[in-house]
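Trainee: Sharing a structure, written as structure tokens. Questions coming.
The values are calculated or read from the model by the stated rules, or taken from the named source; none is laboratory data. Being a predicted model, the structure only gives us computed values, none of them experimental. Methodologically, a virtual Cβ is constructed for each residue, glycine included, from the backbone with ideal geometry; neighbour enumeration extends over all protein chains shown.
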């Protein structure tokens, strides 16, 4: 009997090296187990000797235990595969380990079955994996997707964030027929020349945990941002932007760029959430475009002096006309931002026409040139033109000058100097003999006479409060061709 045990032990040693069948990484292979064959003589010997077939179980060549019924192990593996295949129906999943059996004929008295312990051990060891496509940048895998088709879809979707479907199709056709001429670009249209990634993205087939596989949109976001989870910080009492930036290894400028609507003076409130993750894209999209646009070309102005014309008078002898130029440029955009613009061709479509203006230089003491000086020595506007107390205030009021001298705003002739009893008190009206008239009211005294010629800035009276006035000030009005205008539009 002992000799028989020795023979069977030697046989078991041989099968462990040469005849160990495995549950492979697919459902069908998982259920395929090769049986150990015995000769007719050995079978008869086993029957006569009361032997039992036991199964030594291995996971990736690691012995985990011995069982009498390997069907339970096979069922465990089958159930595991069925569960993950249902959960990841769109992926081709398989076992991540090899489960194998080595049968051995043992005396029933020597059999020591611990099936539950073996099952628990295998449960802990069983892993699944999916054969997927890896997106590789700089020899580093950055994302896993279902398959090569999904990987191609990721790159296309990323491109379509910055170009149109039509442009994408145009580039694909260009790859097939690179010698086709570029279509003519019309006014204010663009034509795509090229679109590429800042880094090469290659693909490789790998086997990974299905949990690591991303959808197309998730993979696109990962490539664009460098992360799928942007860290948030919740503001606490006493926080300021500078301290939050320092705590997250950011500059203040970076923190502000991550949070639209915030600036250096923003007051934080407890409970506010701030973005504190600087996005570092794995790859960006660079697009080259050709642009054609038409731009106006400004015309030159030439001014000629004429001593026979009064100073302040002008005459246009040739009206200016803008020109037009056609400009072809190439634009380079990176993730939608223009980083380079280069003009490749310019053509004149219409020459500009110079504007020629004749300006008078003849000076006449009684004639103004249309430019007014401030009519007092300093002071401020205490009341502007407009409705006041339900009445139209026709001019402006100037109060608190450095002295009370009133001055002529421009050269002209005094056409009125007196008091009509119309509420203005003592007033002076000057005709500047160029379409403008000015009026100075509420004067304490008048220093000029009707018909007198006055020059710009010369004294004409003293500020006062005559007429309907509540205090010392100058009421100043301006008329152009008989129509009242805002004095502030003329005063310098």
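Trainee: Enumerate the strands (runs of 3 or more DSSP E) found wholly within segment 290-400, keeping only those where 2 or more residues are touching a strand residue (DSSP E or B) at 6+ places or on another chain (Cβ under 8 Å) and not assigned by TED's automatic domain parsing to the domain that holds residue 457.
Mentor: Values: elements: 301-310, 314-318, 323-334, 337-350, 355-362, 380-383, 386-388, 391-393, 396-399.
So the answer is 301-310, 314-318, 323-334, 337-350, 355-362.
Trainee: So which residues in segment 395-422 are at pLDDT 95 or above and closer than 18 Å to residue 484 by Cβ?
Mentor: Of everything in segment 395-422, those that are at pLDDT 95 or above and closer than 18 Å to residue 484 by Cβ turn out to be 395, 396, 397, 398, 409, 410, 412, 415, 416.
Trainee: Across segment 262-289, what is the number of residues that are within 30 Å of residue 192 (Cα to Cα) and either assigned to a strand (DSSP E or B) or free of Cβ contacts under 8 Å to residues at least 24 places away in the same chain (or both)?
Mentor: 5
Trainee: Residues to consider are 411, 433; find the one that is at positive phi, touching a residue at least 12 places away in the same chain (Cβ under 8 Å) and out of contact with any helix residue (DSSP H, G or I) (no Cβ under 8 Å at 6 or more places or on another chain).
Mentor: None of the other options fit; the residue is 433.
Trainee: Any chance you could count how many residues in segment 244-257 are surrounded by 11 or more Cβ atoms within 10 Å (Cβ to Cβ) and not in a loop (DSSP other than H, G, I, E, B)?
Mentor: 9
Trainee: Can you tell me which residues in segment 258-274 are within 19 Å of the chain's Cα centre (by Cα) and either loosely packed, with under 14 Cβ neighbours inside 10 Å or over 17 Å from residue 234 (Cα atoms) (or both)?
Mentor: Going through segment 258-274, the residues within 19 Å of the chain's Cα centre (by Cα) turn out to be 258-263, 274.
Matches in segment 258-274: 260, 261, 263.
Trainee: Additional query: State which residue pairs qualify: first residue over 14 Å from residue 487 (Cα atoms) and inside segment 370-391, second residue modelled with pLDDT under 95 and outside any strand (DSSP E or B) in any location, beta carbons under 7 Å apart, and separation of 6 or more residues or different chains.
Mentor: Between residues of segment 370-391 that are over 14 Å from residue 487 (Cα atoms) and residues that are modelled with pLDDT under 95 and outside any strand (DSSP E or B), there is no close pair.
Trainee: Go through segment 275-289 and give me each residue that's surrounded by 10 or more Cβ atoms within 10 Å (Cβ to Cβ) and either at pLDDT 90 or above or out of contact with any strand residue (DSSP E or B) (no Cβ under 7 Å at 6 or more places or on another chain) (or both).
Mentor: Of all residues in segment 275-289, those surrounded by 10 or more Cβ atoms within 10 Å (Cβ to Cβ) come to 275-279, 281-289.
Scanning segment 275-289 gives 277, 278, 279, 281, 282, 283, 284, 285, 286, 287, 288, 289.
Trainee: With the condition kept exactly as written, say whether any residue in segment 472-481 is over 21 Å from residue 363 (Cβ atoms) and not in a strand (DSSP E or B).
Mentor: Within segment 472-481, one or more residues are over 21 Å from residue 363 (Cβ atoms) and not in a strand (DSSP E or B).
Trainee: Could we say that residue 186 is out of contact with any helix residue (DSSP H, G or I) (no Cβ under 7 Å at 6 or more places or on another chain), exposed (fewer than 13 other Cβ atoms within 10 Å of the Cβ) and more than 26 Å from residue 289 (Cβ to Cβ) here? Give the steps one after another, and end with the answer.
Mentor: Working: out of contact with any helix residue (DSSP H, G or I) (no Cβ under 7 Å at 6 or more places or on another chain): yes; exposed (fewer than 13 other Cβ atoms within 10 Å of the Cβ): yes; more than 26 Å from residue 289 (Cβ to Cβ): no.
Considered against the rule, which asks whether it is out of contact with any helix residue (DSSP H, G or I) (no Cβ under 7 Å at 6 or more places or on another chain), exposed (fewer than 13 other Cβ atoms within 10 Å of the Cβ) and more than 26 Å from residue 289 (Cβ to Cβ), residue 186 comes out as no.
Trainee: Can you tell me which of (1) surrounded by fewer than 14 Cβ atoms within 10 Å (Cβ to Cβ); (2) modelled with pLDDT under 95 is the one residue 311 doesn't meet?
Mentor: Residue 311 satisfies every listed condition except (1).
Trainee: Select from segment 395-420 the residues that are surrounded by fewer than 19 Cβ atoms within 10 Å (Cβ to Cβ) and under 17 Å from residue 469 (Cα atoms) and list them in ascending order.
Mentor: 399, 400, 404, 418, 419, 420
Trainee: Follow-up question, since we're still on this one. Report, by residue number, each residue of segment 457-471 that is assigned to a loop (DSSP other than H, G, I, E, B) and either touching a strand residue (DSSP E or B) at 6+ places or on another chain (Cβ under 8 Å) or within 13 Å of residue 426 (Cβ to Cβ) (or both).
Mentor: Those that are assigned to a loop (DSSP other than H, G, I, E, B) and either touching a strand residue (DSSP E or B) at 6+ places or on another chain (Cβ under 8 Å) or within 13 Å of residue 426 (Cβ to Cβ) (or both): 457, 458, 465, 466, 467, 468, 469, 471.
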